[in-house]
1. Of the chain, which part is the longest with no chymotrypsin sites (Phe, Trp or Tyr not before Pro) in a loop (DSSP not H, G, I, E, B) and with at most 16 other C-beta atoms within 10 angstrom?
2. Taking 0.36 nm per residue of separation and subtracting the Cα-Cα distance, what length does fully extending residue 290 through residue 73 add?
3. Calculate the all-directions average of the projected area of the range 247-336's alpha-carbon convex hull, and give it in nm².
4. Compute log10 of I(q)/I(0) for the range 105-229 with the Debye formula, placing one identical point scatterer on every Cα and leaving out solvent, at q = 0.10 Å⁻¹, to two decimals.
5. Can you give the FRET efficiency to the nearest 0.05 for residue 379 and residue 344, using r as the Cβ-Cβ distance and R₀ = 22 Å?
6. What do you get for Rg/Rh over the range 194-248 if you use C-alpha atoms and the Kirkwood form of Rh?
7. What share of all Cα pairs of the range 26-163, in percent, falls into each consecutive 10 Å distance bin?
8. Looking only at Cα atoms, what is the convex hull volume of the chain per residue, in Å³?
Amino acid sequence: MLHDHRSERADRLVEGLAAVLAEPPSDPFTPEVVAVPAKGVERWVSQRLSHVLGVRVGGADGVCANVLFPHPSRLVAEVVARAAALEPDDDPWDPDRLVWPLLETVDSCAGEPWCATLAGHLGVADGTRPDRRGRRLAAARHLAGLYDSYAAHRPRMLADWADGRDTDGAAAPLPADLRWQAELWRRVRERVGHASRAERLGPACARLEAEPALADLPDRLSLVGPTRLTTAQLRVIAALGVHREVHLWLPHPSPALWDRVRGYGTEPAPVRRRADPTAALPRNPLLAGLGRDARELQLVLARVRVDTDEHLRLGTAPPTLLGRVQQAVRDDLPHPAAAPWAPDRSLQVHACHGPERQVEVLREVLVGLLADDPTLEPRDVLVMCPDIEEFAPLISATFGLADDQDGAPHPGHRLRVRLADRALRQTNPLLATVSALLDLADARVTASQVLDLAASSPVRR
């Protein structure tokens, strides 16, 4: 059965998840599976669950154990691969593996008329632009990612391509300037010699419905916090829900908008974003600008059978400025209701003259909040930024420096910060060195670049 749980607050969703997990499975050694979209979410969810699971009466000294937190994409890929009798890591249609058959296919077909657009971009058609041949690997990587995205979001389109029909997956012919993609995909399909992910999806879902034991998963599993689900993911989740309890814990800002959108999304073919009839439904400006993913996820869910739809309600919004804004979003009102209120600091805007000053002001604000509220702990604070790689060195230089200073350090230097979702080349020096070498191999190397490479920690060692 497929269960949909919605709430405006993530902590309310985790409370509902904890209530489900508090009931032990028939086999106590069976691990629970809770799919999460990021490592930071995994850490927060596990901490919240540890306040509920295994606690003593009246206490909060529990433990979150025997719970697996896979990424939804990995979970679905493993299930489909097992149903198709493949190992997930050996899938020839994995984007990283597909790059090389793509390169071989492009090189062998560059002189054919249908490939003229791609060959002209790469400079391999007549050899007049040898400087463009360096684009081949980057173009192949881009195309591999593009085909993987098509398999996830438009599997019907690739199924049509496999049958020789150049469609866009929505019953319309493919534009003339894009038909080379369909022919290239068919040539790569012939070279790979295995069914693509889109072709495997339908038979895999049918096998999962007929043979539930194929998926090495417990009788219940949960997905926490997904803001998007691809067509392929949703079909696999629906197939798993035939014989299992599948719980979707969805953050949705407005039950009023959910009720208004209900009834849309039942069209047999996907609707283009520019023709989406629900785009004009939100009345609240914040909800219209920031709630597109939640609205589109509801449209996707409308194409599968959901057995239960539950809205986890919250209490009355606090009489603060932030509470009034949240209530307006929740009720989808054009603006907060006019009511007498006293100015407060529940919603603050700090204007700063650069990223460095932003981090410094953040440190001062956090120290003040922690000093004013003894019940507030550092782990209760979540800081979001648009570019983690830009802010990571600034945060490291502003927080957690108490051990490196003499005398009385700044209180903010005692705060320990955990950075999530950073690129591997930023956190692994060896991978960063390999990446730098690959960049140098295709560029004019300067003396300063050589000195920087020699000064890196792995090379020095």
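1. 30-340
2. Using 0.36 nm per residue and subtracting the Cα-Cα distance, I get 75.7 nm.
3. For the range 247-336, averaging the hull's shadow over all directions gives 6.3 nm².
4. Log-scaled intensity ratios, in q order: -0.44.
5. That gives a FRET efficiency of 0.35.
6. My calculation puts Rg/Rh at 0.98.
7. The distribution over the range 26-163 is 10, 25, 24, 17, 12, 8, 4, 1, given as percents.
8. It is 222 Å³ per residue.
The values are calculated or read from the model by the stated rules, or taken from the named source; none is laboratory data. Please read all numbers here as calculations on a predicted model, not as lab measurements. Neighbour counts are summed over all protein chains in view; Cβ atoms, including those assigned to glycine, are modelled from backbone coordinates with ideal geometry. Ligands, DNA and RNA are stripped out before the accessible areas are found, and what is left, the full protein with its side chains, is counted by its heavy atoms. Shrake-Rupley method; radii C 1.70, N 1.55, O 1.52, S 1.80 Å.
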